[in-house]
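The values are calculated or read from the model by the stated rules, or taken from the named source; none is laboratory data. What you are looking at is a predicted structure, and each value in this text was computed from that prediction instead of being measured. Ideal geometry is used to build each Cβ from the backbone, glycine not excepted, and the neighbour counts take in all protein chains shown.
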Amino acid sequence: MIRWLSVKWLGMNSLSLKLMSVALALATLAGQQNPFANLWNDAGKKSGAKPTDAVRYMYPEQVTVTAGKATPVEMHFEVKAGLHINSHVPKTKDMIPTTIAFPADGSVKLDEVEFPAGKDFLLPVAGAPGGGDHLSVYTGEFTVRGMMTATRGEHLVQAKLRYQACDNRACMPPHTIPVVMDVTAR
Amino acid sequence: MRDKNFMVAGLAMVVFVMLAAAGWANWMNRRHIAEMQSQRAMEPMAMGNMAGMGAGGDGAGEMTSPMVGKMAANFTLTDVNGKKVSLSDFKGKAVQLNFWATWCAPCKIETPWLVELEKQYKAKGFEILGVSFDDLDMDDAAKLKSETADIAKSANQLGINYPVLLDGDAISKQYGDPEVFPTSFFVNRQGKIVAATIGLTSKDDLENDIKKALGTGE
């Protein structure tokens, strides 16, 4: 109908019509990505995320394994930009290591857990020569690997990742986040 | 017909230019949002549940806390040697309440400065109370003893020569539930909180706040 009206009323040739169509399509797309929309607030409200959630479990949300047989799995996490958490093996005893724990009911187990090696980190602090102790930390994305064994059936697993996060100037108390995944064992 | 085609093509060009401008604005906005997200990710800690930032240095540490201007709540906690210590024991003195933990790397940078400042201003009536926020297993005597020994050892390694009190969580609510460490409250001789630092700040900032508590600073 629109095409008929355009051709009839405006006397457009097909090139002009195509140009106009592309422009209109792009205009629609641009409208969907309103540059003035407050995306951060919307995302924050929807997710219910708190600023103190320094670490996010990314994936997998679903895992399929062979029942009773140890299967390799990789769990991916992300540390918020500007923050770091201690690695699984901190350099000193008083630093709190990152750990993962699966429910003790035994229906889904994770063995041979492998955390990545931490990165060597020194707090960049002016006026404090040396910047204090060297730390072993995770920043950005990191992956925890392990061998998963599950009894036959569907399992909604809620594992727990415990960590202690800091930025260059302050630390938050240790915190635990849920690591939720649907495990199907066939 | 030809004129109309030119007109439509011209209109299409105008739309393209507007879209390019909108796209650029969109990209700039997204970049701004990404920067804000990154900044917010870094700041929750320094911001915690406190109010906005005040002036000072590079902007870190020197914060405006809702606790500033209030009377410091009295409390009694046990120190690492098993001795009961109350804030009211220091009536008439300027006191810095330093909330810290053994797992807090920035606290370890700040502590040697505090040790020096405490020595420097002690004669003028200044005291520091270190309040540890390390977890304690109150129901298990053996674990509690071991945890207390760890805190004492850490304090000793840092050269702390002022009282180190245990179980900061017990007084957390009275001091606005600080979410990050180190956090310090500076209490003047009349028992009023006159300054606060949230997160690691500079030695100069700490000294200025000590002077405020002593009534000799701005």
Being more than 25 Å from A:Glu61 (Cβ to Cβ) and in contact (Cβ under 8 Å) with a residue 12 or more places away in the chain narrows it down to one of A:Lys109, A:Lys80, A:Lys160, A:Lys91, so name that one. A:Lys91
Failed item, numbered, when A:Leu123 is tested on (1) closer than 20 Å to A:Arg56 by Cβ; (2) surrounded by 21 or more Cβ atoms within 10 Å (Cβ to Cβ): (1)
Condition first: in contact with a strand residue (DSSP E or B) (Cβ under 8 Å, 6 or more places away or on another chain) and within 14 Å of chain B (Cβ to nearest Cβ). Now tell me which residues in segment A:142-172 satisfy that. A:Arg162, A:Tyr163, A:Gln164, A:Ala165, A:Cys166, A:Asp167, A:Arg169, A:Ala170, A:Cys171, A:Met172
Spans of strands (runs of 3 or more DSSP E) in segment B:113-218 with at least 2 residues free of Cβ contacts under 8 Å to residues at least 40 places away in the same chain and in contact with a Phe, Trp or Tyr (Cβ under 7 Å, 6 or more places away or on another chain): B:126-132
Out of A:Leu135, A:Leu123, sole residue that is touching a helix residue (DSSP H, G or I) at 6+ places or on another chain (Cβ under 8 Å) and at pLDDT below 90: A:Leu123
So is A:Thr92 within 11 Å of chain B (Cβ to nearest Cβ) and either outside any strand (DSSP E or B) or under 30 Å from B:Gln157 (Cα atoms) (or both) or not? yes
Which residue out of B:Val164, B:Val180, B:Val194, B:Val131 is crowded, with 23+ Cβ neighbours inside 10 Å, under 16 Å from the mean Cα position of the chain (by Cα), of a type outside the set (Gly, Ala, Ser) and more than 13 Å from every other protein chain (Cβ to nearest Cβ)? B:Val131
